[in-house]
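Report on the structure given below.
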Amino acid sequence: MRVPILKQGQYVIASIQSALSDEDLVHLRDDLADHVGQYRARGVVVDVTVLDVMDSFAVRTLRAIAHMIRLRGADTVIVGIQPDVAFAMVQLGLSLEDVTTALDLEEGLAYLSGHVMAGAPHVK
């Protein structure tokens, strides 16, 4: 199942609606990379609120998405990680490393707005 990706101003938002297979995650990665170029997006929000489990492949893919998007000139924020998912990730040693996270979509968009408006560099 393809994840819907919406354009909102200078951002694109991917809102995951249900559990994703590994193939779905790869499609999401490719689709987001394409959308950033197509819409000249300055930021990407990936909403994972509905996910009650994130395995190592999902975490690695989200990290790869953020790094790819950064190379394309935009910032990424992962929003909506549930408390139980965060706990499990820590217990399993899974990390999103340099990827920005936020509590919810509103905070993610606020972060991007502040970051983009400040003219912060996109390459770390």
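The values are calculated or read from the model by the stated rules, or taken from the named source; none is laboratory data. As the structure is a prediction and not an experimental result, all values here were calculated from the model. Glycine gets a Cβ as well: all are built from the backbone with ideal geometry, and neighbour counts include every protein chain shown. When the accessible area is computed, the model is the full protein with side chains, heavy atoms only, and any ligands, DNA or RNA have been set aside. Shrake-Rupley method; radii C 1.70, N 1.55, O 1.52, S 1.80 Å.
Note on the chain: GNM, Cα springs under 10 Å; of Gln82, Gln17, Gln91, the largest mean-square fluctuation is that of Gln91.
Can you give the extra length, in nm with one decimal, that the chain gains between Ser18 and Val50 once fully stretched, where that is 0.36 nm per residue apart less the Cα-Cα distance?
10.9 nm
Solvent exposure of Asp30, expressed as accessible area, is near 60 Å², computed with a probe of 1.4 Å over the protein chains only.
Counting only alpha carbon atoms, the long axis of helix 56-71 and the longest principal axis of the chain meet at about 10°.
Taking all protein chains as they are arranged and a probe of 1.4 Å, the heavy atoms of Tyr39 leave approximately 80 Å² accessible to solvent. Among Val50, Val85, the sequence by solvent-accessible area, most first, with a 1.4 Å probe is Val50, Val85. Computed from label points 7 Å out along Cα-Cβ, the spacing between His67 and Gln8 is 2.8 nm. Here the extension length gained between Val26 and Gln82 equals 18.0 nm, from 0.36 nm per residue of separation less the Cα-Cα distance.
Note on Phe87: accessible area is roughly 130 Å² with a 1.4 Å probe, heavy atoms of protein only.
Within the stretch 1-88, the trypsin sites (Lys or Arg not before Pro) that combine a DSSP coil assignment with at most 13 other C-beta atoms in a 10 angstrom radius are Arg2, Arg40.
From helices alone, the chain scores -15000 deg cm²/dmol at 222 nm; the rule is -39500 (n - 2.57) for each run of n ≥ 4 DSSP H residues, then divide by the residue total. Toward the positive end of the charge dipole of the chain, about the Cα centre and with charges on Cβ (Lys, Arg +1; Asp, Glu -1), which of Thr76, Gly93, Val53 goes farthest? Value: Thr76.
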